[in-house]
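Data first, discussion second: the structure below is written as structure tokens.
The values are calculated or read from the model by the stated rules, or taken from the named source; none is laboratory data. No experiment lies behind these values; they were computed from the predicted model shown. Positions of Cβ are generated from backbone atoms using ideal geometry, with glycine treated the same way; all protein chains shown enter the neighbour counts. Please note that ligands, DNA and RNA were not included when accessible areas were found on the heavy atoms of the full protein model with its side chains. Shrake-Rupley method; radii C 1.70, N 1.55, O 1.52, S 1.80 Å.
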Amino acid sequence: MGRTVSGLIFVLAWALALAGNAAAERKGFYGSLDLGIAIPEDVETLASDSDVPTNCDQHFSPITVKGIQLPLPLSDSNCARGQDIWQNGFNLENGILGGVSFGYAWRGFRGEAEYFHRGHSGEDSPLELQSGGKDDEFVVAGERISDLRAHHFFANLYYDFQSLWPRVIPYVGAGVGAARVKMNYSAKFQRNADQSVISGLGRHPEAAGTLTFSEAELSDTLWAWQWMVGLDYVLTERFSVGVKGRYAAVFGGDFKDGHPWDRLRSHASTIGPNGDTVAYNVELDNGLDLWGISLNIKYFF
């Protein structure tokens, strides 16, 4: 569907470029509307938490496994917190882009304040567990990102090439601003329920069949920039319609947010009955950048 809409908009822009008649100089205050398609880049995540290794979990009962008394005391050198780090990737669907702006035009230049919103559906992505016996330890290990949406606020500056073609005005522009990004995040890690398998891996047998999971809304605010190109067809002295393309990206830091687990090895998100809270953190190394193409309508007051 996205390709079809993009093709129709391209044909419209090409047809408008062949139109005749002269256009008046654009000046004064104006408002505009955008409606189109947002094409996101693939999302890559880096996640970690403040947990201790399974054999240091103070919720488990005292037991000897392979000659080692478990759980290990938290003072043991093997019980350092935050050792687990995992990466994943997600391919989000194209989404709807809608926005409004208000600005002022003078001698070919336009300055404007813009807001636009975009949203994307999500994807499940399993994790590859290939070391330390974890592929045998876990029967389910994966994450999901869904309902990623972003509110973008920009201050833009454009230049209109008003004398190249009659009635058709190409333009270029750039902007800086901020993006408020939210997404639904879930993760599920289900251990093998066979205690002999878990014990054979040197883990505490009470870890067998336990579940670690979370469902949360993550959010962050990031600085952003964009560049734009477009074509406007002047219908009347006040009204124009056209097509606009853009590339928008974030800078100055990655998306970062996190929460305690809903359940950690089937108990509360702590390292023991009286222990510290365990929280996970998710970072988006990239994936918040987007390409956009939209139908744009302007009205000069």
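General observations
- Subset of the range 248-294 [in contact with a Lys or Arg (Cβ under 8 Å, 6 or more places away or on another chain) and closer than 30 Å to Ala105 by Cα]: Leu290, Trp291, Gly292, Ile293, Ser294
- Selection from the range 158-182 of residues that are closer than 30 Å to Asp257 by Cβ and open to solvent by less than 20 Å² (accessible area, probe 1.4 Å): Gly175, Gly177, Ala179, Val181
The rows are residues; the columns are (1) of a type in the set (D, E, K, R); (2) in a loop (DSSP other than H, G, I, E, B); (3) open to solvent by less than 10 Å² (accessible area, probe 1.4 Å).
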residue	(1), (2), (3)
Gly253	no, yes, no
Lys256	yes, no, no
Asn274	no, yes, no
Glu283	yes, no, no
Trp291	no, no, no
Leu295	no, no, no
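- Tyr185 falls short on exactly one of the conditions (1) touching a residue at least 12 places away in the same chain (Cβ under 8 Å); (2) more than 16 Å from the chain's Cα centre (by Cα), and that condition is (2).
- Test: residue in the range 120-136 that is in contact (Cβ under 8 Å) with a residue 40 or more places away in the chain and within 30 Å of Met228 (Cα to Cα): yes
- Criterion: on the phi > 0 side of the Ramachandran plot and touching a strand residue (DSSP E or B) at 6+ places or on another chain (Cβ under 9 Å) - qualifying residue of Ser266, Ser219: Ser266
- Condition met for Ser196 (of a type in the set (Gly, Ala, Ser) and either closer than 30 Å to Val241 by Cα or in contact (Cβ under 8 Å) with a residue 40 or more places away in the chain (or both)): no
- Strands (runs of 3 or more DSSP E) contained entirely in the range 38-157, each with at least 3 residues that are surrounded by fewer than 19 Cβ atoms within 10 Å (Cβ to Cβ): 43-49, 63-65, 85-90, 95-106, 109-120, 123-126
- For the range 222-248, a residue qualifies if it is crowded, with 16+ Cβ neighbours inside 10 Å and within 15 Å of the chain's Cα centre (by Cα), and the qualifying residues are Leu222, Ala224, Ala248.
- On the stretch given as the range 183-202, residues that are farther than 18 Å from Ser125 by Cα, open to solvent by 40 Å² or more (accessible area, probe 1.4 Å) and either basic (Lys, Arg) or in a loop (DSSP other than H, G, I, E, B) (or both) total 3.
- Being at positive phi, more than 21 Å from the chain's Cα centre (by Cα) and outside any strand (DSSP E or B) is a property that Gly209 has.
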